[in-house]
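The values are calculated or read from the model by the stated rules, or taken from the named source; none is laboratory data. Note that this is a predicted model, so its numbers are computed, not measured. Reconstructed Cβ throughout: ideal geometry from the backbone, glycine too, with neighbour counts over all protein chains shown. Only protein heavy atoms, including side chains, enter the accessible area calculation; ligands, DNA and RNA are left aside. Shrake-Rupley method; radii C 1.70, N 1.55, O 1.52, S 1.80 Å.
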Amino acid sequence: MNHFPALSNRQTLQIVTGPESRQVFMKIYDNILLTSGGARQKSLLICSANQGEGASTVALGIALAATGVWNQPVLLIDGNFSHPQVCEAFGLSDIHGLGDFLAGGQDVKSLVMDTTIPNLQVMGAGLAPVSHISLLESPAFGHLLESLIAAYPLIIIDGPSINGFPESVLYATQVDRVLMVIKSGITRVQVVAAALARLAAGGRDQVDLVLNRRTFPIPPWIYQRL
């Protein structure tokens, strides 16, 4: 994968909507579709071993790519309560979101927002209730996913770092597929192994890895001829 910075502001939206970036993410999403084994995979978790590896950027890029495949809205959920960034990319408020649903009393439709990208909607993280970990372990989050899967062709969850926070391990057991973003040449093997071990202990053995900030010592056009 090419060099994409961690999502921190609306400039990242401009980066991932550029033609070169969209082509890269389209290839990633095409690969997800081709390797699905014939099963319709409607929910993805995008996360990383450590914070700052570009998982939010990849989540946004894949969501944008998916809008070009499906002729109906795709939903991107910010599941990172500690460092929410999805709404910031679109200049939207993150006051209400997933945390409000988990706390109860909020209708899902009232928490979903349109973006400037056609067929892309988002749900912010909102304010996490004190008991949000136990609520993610309860059937509440599973019921939310089921209701959203019935309404959207694809649900993407932008999760926090696996080694830093427990939420992604809980999300991982309830989605169809997990993509873990690794900063190429930076993230140590031991760090990746620890994150994979946490996912496996939580019940998720199969994880797809995405290399971010991959560099080419040989010009890319030469690789195309190999």
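Shown here is the pair-distance distribution of the chain: with all Cα-Cα distances grouped in 10 Å bins from zero up to the longest one, the shares run 8, 35, 38, 16, 2, 0 percent.
Taking all protein chains together, Thr12, Thr116 sort by accessible area into Thr116, Thr12, largest first [probe 1.4 Å].
A straight Cα-to-Cα reach below 22 Å connects Lys183 with the lysines Lys27, residues fewer than 8 places away in its own chain not being considered. Ordering Glu53, Glu146 by accessible surface, largest first, gives Glu146, Glu53; the 1.4 Å probe counts only protein heavy atoms, with every chain in place. Scanning residues 5 or more positions from Leu120 or on other chains, those with amide H under 5 Å from its amide H are Val74, Thr115, with H placed 1.01 Å from N in the peptide plane.
GNM on the chain, alpha-carbon springs under 10 angstrom: the most fluctuating residue among Asn119, Asn212, Asn80 is Asn119. For the stretch 161-177, backbone phi angles converted through the Karplus equation (6.51, -1.76, 1.60; θ = phi - 60°) give residue-by-residue couplings of 5, 5, 6, x, 9, x, 4, 4, 5, 6, 4, 4, 7, 10, 10, 6, 8 Hz, Gly and Pro being listed as x. Between Leu92 and Leu211, the simple spin-label model (points 7 angstrom out along Cα→Cβ) gives 3.3 nm. Treating r as the C-beta distance of Ile28 and Trp70 and R0 as 25 Å, the FRET efficiency rounds to 0.95.
For Asn212, the residues 5 or more places off, or on other chains, whose built amide H falls under 5 Å of its own are Ile182, Lys183, Ser184. Working from Cα positions, state the angle (0 to 90°, nearest 10) between the long axis of helix 139-149 and the longest principal axis of the chain. Once rounded, one gets 60 degrees.
Heavy-atom accessible surface of the stretch 43-164, averaged per residue, reaches 36 Å², computed with a 1.4 Å probe. Largest mean-square fluctuation among Ser82, Ser48, Ser56, in a Gaussian network model of the chain whose springs join Cα atoms under 10 Å apart, belongs to Ser82.
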